[in-house]
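Asker: Take a look at the following structure, please.
None of the figures in this text is laboratory data; all of them are computed from the coordinates on show. Because the structure is predicted, anything quoted here is derived from the model rather than measured. Here Cβ is always computed from backbone atoms with ideal geometry, including for glycine, and neighbour counts include all displayed protein chains.
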Amino acid sequence: MPAKTLAKVGLIAVALALLLPWSYGYWLETRRFVPVDKPVSLEAGKIQTEQFQINLREDYNVQIDVDYSADDWTREDCAFRWWKDFDWTVYRLSGGTTKSREPWASSAEMLEGGWIPIGFRGKPGKYELEWRGPASSACLNARHPRLHVYTSSSDYAQFNAFLQSACIFLAGTGILLLLRGIGGGVFGCFFSEQPPRMFPEMVVQNVIRLQQHRPMPLICDISNFRVAWGGVLFIFFAVFSMMTPLTPRGFLINFREPKVVGVEKSPWTETVSVFVDAQRRFLLNGQHVKAEDLRAKLQEALGRQMVWMVYLEADNDCAFMDVMDAMDAIQGLGARVIWITPKTREEWSRRSAP
């Protein structure tokens with residue numbers, strides 16, 4: 001790039017680095033984050049503010065602040081409830097000479113919609129606020145009540161800090177380009193030498209014929225189509241694979257060998273067992289239990305155990321859905337399930353036989 005062009009680009013970068021933070025800071029100073037901040041008196045029970053200007057599209061909070069007092073926790077007659085007992089309405093003013101008041105937001109509408117009535121969504125314009133409180137709120141006048149309508153400026157401050165950091169980098173780049181351009185221009189003026197020529201009066205021209213290359217083929221063949229759309233499909237596959245959550249479903253089952261189940265080596269003399277027979281009946285420790293009472297009976301039996309572990313066994317002809325209901329009830333209580341399959345029972349019987 002020529003030295004003059006580098007100097008111009010560097011000068012523009014430095015000018016932008018100085019202009020952007022100044023212009024944004026000036027714009028930020030003209031924004032009204034707290035359009036209303038005034039002392040009020042709660043004796044009349046109704047407060048009407050003067051016209052206030054909003055020049056931001058933000059959520060504005062509406063509240064009355066008072067000095068802190070221990071009465072908020074001890075006294076119920078004069079405790080400060082800033083959104084339960086007070087009612088406010090915001091009016092938007094429109095028109096020129098004939099001004100009209102349009103109800104913009106109110107605490108009653110927010111309560112009907114299921115929202116906490118702490119503010120409203122504002123857009124640039126003029127507004128008025130009416131605040132109505134109960135007669136018992138007059139006791140709060142001794143605590144210097146103030147009416148506040150405000151919005152948060154933290155997002156704008158964070159963007160201002162980011163803009164200043166970016167402009168510092170931009171200014172440094174512009175200064176380097178400016179120095180590079182000035183240095184290149186000075187070096188070219190004082191140290192440039194024209195190479196010697198045999199015929200300085202002749203104009204230098206290109207005498208080598210330019211080679212004409214064949215035009216680039218369009219992506220219309222089957223092979224090109226396969227390569228191009230294969231890459232597109234792979235990108236979609238990767239994106240949706242990351243966006244799709246891998247949430248397992250079902251019951252957690254730990255398959256172990258029958259000899260390591262730990263039934264014979266259990267330190268607890270009393271165990272909890274559930275048996276499901278072919279007649280869709282549940283037996284809890286040998287006692288018949290109804291399906292709807294299984295969870296309650298299980299909780300009662302596990303309450304007498306130090307280790308919540310339930311041995312589950314089912315008949316060969318029982319419905320698998322009944323076994324799943326029993327496992328759901330056991331795991332829903334937080335107990336550990338040890339499933340004794342018919343094959344495991346046969347193995348134990350064979351080992352215990354003389």
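Asker: Using the Cα centre as the reference, give the magnitude of the dipole from point charges on the C-beta atoms of region 259-352 (Lys, Arg: +1; Asp, Glu: -1; all else neutral), rounded to the nearest 20 debye.
Answerer: Result for region 259-352 is approximately 340 debye, rounded to the nearest 20.
Asker: Write down Rg/Rh for region 1-70, rounded to two decimals, with Rg from the C-alpha atoms and Rh from the Kirkwood relation over Cα pairs.
Answerer: Details: Rg = 23.5 Å, Rh = 17.2 Å.
For region 1-70, the value is 1.36.
Asker: Can you work out the FRET efficiency for the pair ARG336 and ALA278, with r the C-beta to C-beta distance and R0 = 35 Å, to the nearest 0.05?
Answerer: After rounding to 0.05, the efficiency reads 0.85.
Asker: Quick one: what does P(r) look like for region 300-354 with 5 Å bins over all Cα pairs, in whole %?
Answerer: Spelled out per bin, shortest first, that is 4, 17, 23, 20, 16, 14, 6, 1.
Asker: Shifting gears a bit: Report D for region 106-155 in µm² per second (integer): Stokes-Einstein, Kirkwood Rh on Cα pairs, 10 °C, 1.306 mPa s. Kindly include the intermediate steps, with their values, before the conclusion.
Answerer: Numbers: Rh = 13.8 Å.
Rounded, D is 115 µm²/s.
Asker: Determine the gain in length on full extension of the stretch ILE116-HIS148; use 0.36 nm per residue of separation and subtract their C-alpha separation, reporting nm with one decimal.
Answerer: 9.8 nm
Asker: Computed FRET efficiency, Cβ-Cβ of TRP308 and ARG350, R0 45 Å: what is it to the nearest 0.05?
Answerer: Details: r = 30 Å, r/R0 = 0.67.
About 0.90, to the nearest 0.05.
Asker: Turning to a different aspect of this structure: Could you give the Stokes-Einstein D for region 259-352 in µm² per second, using the C-alpha Kirkwood radius, 37 °C, 0.692 mPa s?
Answerer: Working: Rh = 13.7 Å.
Calculated translational D: 240 µm²/s.
Asker: Please report the relative contact order for region 259-352, taking Cα pairs under 8 Å with a sequence separation of at least 6, and give it as a percent rounded to a whole number.
Answerer: 28
Asker: Here's something else I'd like to know. Roughly how many whole Å is it from the C-alpha centroid of region 272-292 to that of region 302-354?
Answerer: 11
Asker: For a label point 7 Å from the Cα of ARG32 along Cα→C-beta, name the residues of region 142-170 whose backbone N is under 14 Å from it.
Answerer: Residues 148-151 qualify, since their backbone N sits under 14 Å from the label point.
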